[in-house]
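Report on one structure; see the data block that follows.
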Amino acid sequence: MRLLVTGGCGFIGTNFVYMMLRKHPDMVIVNLDKLTYAGNRFNLLPIENEFGGTRYHFVHGDIANAELVAHIITEHKIDAVVNFAAESHVDRSIADCNPFILTNVLGTQVLLDTARRLGLPKFVHVSTDEVYGTLGPTGKFTEETPLAPNSPYSASKASADMLCRAFFETYDFPVTITRCSNNYGPFQFPEKLIPLMIMKASRGESLPVYGDGMNVRDWIYVTDHCRGVELTLLKGKPGQAYNFGGNAEKPNIEVVKTILSALGQPETLINYVKDRPGHDRRYAMDYSMAARELGFEPEYTFERGIAETLEWYKSNEAWMEQVQSGSYRTFMDKWYGERQ
Ligand code: NAD
Ligand code: DAU
């Protein structure tokens, strides 16, 4: 299979590219990434060294550039797209939602349109549980739950899901949607709860917990999500949306206390701050359709996943420094410059 992966230099995309190239010896991946603040080409340096120019190709560019997308699909004889590219952070969408509309809505529309025009037989769009809005103390989201997004981020993702649905209904375009809960693991940018708290706790800084800390997320280790996307690509039904979750509902404060305790830091570092506007109270995923139709089951317990995540961040302090300062860009420009 010759795959166009978008946003492959971000957190989940990076983990997906590693997994797919190692697991599928016949697979070729073209990674189209704009390298926003969240995209780091350095993540995939070992892949570039091992497979660059043969089974792996990197293209620096925007999914909203129709000409570029068409060129990649024809030049590389692409037969499937997996769309990870997005602006992904809720707090940033509250501050300025413009880039979210440009990438998550218009960018997805350009990808869908171009792939349809060129007759691509497969398109997986990576969405999120946040399109369903929020849950009360009980129940779970199913694929039948109506979309009710509450943040500009989730509104942009829900809009893209609606476009996917319309492309299937109107043009019979074979697009499948994945909706997953909160991911954690290696390579996650330290603006999201778990890596941010690991970074701050290991430096002895105070940890900002929004509101009362009792908002609940259903945590899934990133490689479990990547397997869900892989199964959707290989076995998903066109026009279908599939839920993925980690069977690990936790209030934020419990996650924060687990991190503090693992790092031997005191709970006095916890700082309850003003709540996020429109903050969804609880997410929980019913993934029984993915279990039944795709054979999906998460492999990681939260205890195992958080232990491996803490270990990864401990062994990759330089990565944390690089992504925060953006200094890896200078390094990479030099590294690639010397090889041109
Ligand atoms: P991320 O922010 O870590 O990475 C996003 C990547 O997309 C970056 O490499 C960035 O450079 C790239 N990108 C942004 N705009 C682009 C554009 N216009 N053209 C090309 N590339 C562009 O995000 P992530 O956490 O890896 O999330 C990946 C996808 O999974 C997103 O669609 C997100 O909505 C979805 N998702 C994330 C989670 C989660 O917990 N992180 C859960 C469910 C779904
Ligand atoms: O559910 C899937 C979604 O998970 C993805 O679609 C998004 O791309 C991803 O960013 C994530 O969204 P959340 O808003 O749930 O993740 P975040 O890590 O920003 O926050 C997790 C919870 O922790 C949330 O209830 C807000 C809270 N929080 C977050 C930060 C950054 C804090 O209390 N303090 C913080 O500093």
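Okay, here's what the table says:
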item: Separation of alpha-carbon centers, the stretch 116-133 and the stretch 76-101, rounded to whole Å; result: 12 Å
item: Dipole-positive endmost among Pro99, His76, Leu111 within the stretch 58-129 (Cβ charges, Cα centre); result: His76
item: Among the listed pairs Lys192/Lys257; Lys77/Lys157; Lys34/Lys157; Lys140/Lys235; Lys23/Lys314; Lys77/Lys237, those beyond 20 Å (Cα-Cα); result: Lys77/Lys157; Lys140/Lys235; Lys23/Lys314; Lys77/Lys237
item: Viscosity 1.567 mPa s, temperature 4 °C, Stokes-Einstein D of the stretch 192-233 from Kirkwood C-alpha radius, µm²/s; result: 102 µm²/s
item: For the stretch 211-309, the fraction of alpha-carbon pairs in successive 5 Å shells from zero, as %; result: 2, 12, 18, 18, 16, 14, 9, 6, 3, 1, 0
item: Probe 1.4 Å, all protein chains present, accessible-area order of Ile63, Ile101, largest first; result: Ile101, Ile63
item: Cα lying deepest toward the dipole's positive end in the chain, options Gln322, Gly53, Thr309, charges on Cβ; result: Gly53
item: Given charges at Cβ of Lys, Arg, Asp, Glu: the chain dipole, positive-most of Gly133, Phe11, Val255; result: Phe11
item: For the chain: relative contact order, % (alpha-carbon pairs under 8 angstrom, 6 or more apart); result: 18 percent
item: Interchain or long-range residues, amide H under 5 Å from Gly133's placed H; result: Ala148, Asn150
item: Loop-exposed trypsin sites (Lys or Arg not before Pro) per DSSP, neighbour cap 14 Cβ within 10 angstrom, longest uninterrupted part of the chain; result: 78-202
item: Estimated [θ] at 222 nm from DSSP helical runs (n ≥ 4, -39500 (n - 2.57)) normalised by residues in the chain, nearest 500; result: -12500 deg cm²/dmol
item: Cα-centre dipole for the stretch 193-251 with unit charges at Cβ (Lys and Arg positive, Asp and Glu negative), debye to 20; result: 160 debye
item: Convex hull of the chain built on C-alpha atoms - directionally averaged projected area, nm²; result: 16.3 nm²
item: Whether the stretch 1-55 is rounded, prolate or oblate, judged on the alpha carbon gyration tensor where a/c under 1.5 counts as rounded; result: prolate
item: Largest to smallest principal axis extent of the C-alpha atoms in the stretch 5-121, angstrom; result: 42, 32, 19
item: Between the stretch 276-306 and the stretch 2-17, the Cα center-to-center distance that results, in Å; result: 20 Å
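The values are calculated or read from the model by the stated rules, or taken from the named source; none is laboratory data. This one's a predicted model, so the numbers in the text were calculated from it and none came from an experiment. FYI the Cβ positions are ideal-geometry reconstructions off the backbone, even for glycines, and counts take in every protein chain you see. Side chains are part of the model used for accessible areas, which takes the heavy atoms of the whole protein and leaves out ligands, DNA and RNA. Shrake-Rupley method; radii C 1.70, N 1.55, O 1.52, S 1.80 Å.
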